[in-house]
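Presented below is the structure to which this report refers.
Each value in this text was obtained by applying a stated rule to the coordinates, not by laboratory testing. Nothing here was measured: the structure is a model prediction, and the numbers come from that model. Virtual Cβ from ideal backbone geometry, glycine too; neighbours counted across all protein chains shown.
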Amino acid sequence: MPLFGRKEEGKVPLNNDVMMKCMCGMCPVQVQSACTQPKLKMMMDMRGKMGMQSSGMPAGSMSMMPGQMGQMKPKTEDLPGPYCSIGKAACNDLDKSKACICNQCQVYKDFSLMAGKPVEHYCFNDKAI
Ligand code: SF4
């Protein structure tokens, strides 16, 4: 069952593991984007909660099923990545002239994205298929 009502399936699922490994938040392509800043903050907050979860600290009522983000279900347009999973960025002030760091990302390696399409700049080119 796809998360967030995604219609087309790409190569990369949107799950906790991918969210934790995603490097889009530190990518030069979008770090200067004013539109992206609140989304980045939200993503960091989400990752903080996921990190606490996996380390077993405040479990209990906050617990999430593996592969799901529990009560945290942001719309994909509110996420600043992983664009290889969710497709193009909703913000239009990203700087495509900057170097793409997708191929340095563990998600890229985990899902063999070098063999998929497109091969980089998913934030502009859409999700990996
Ligand atoms: S999809 Fe690639 S180029 Fe775009 S922000 Fe993420 S890491 Fe950077």
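Points to keep in mind about this one:
- Using 0.36 nm per residue and subtracting the Cα-Cα separation, the extra length available between Asp45 and Gln106 on full extension is 19.9 nm.
- Efficiency of FRET from Cβ geometry, Met52 and Ala90, R₀ 30 Å, rounded to 0.05: 0.65
- Bins of 5 Å, starting at 0 and running to the largest distance - Cα pair percent for the stretch 68-129: 4, 19, 27, 23, 17, 9, 2, 0
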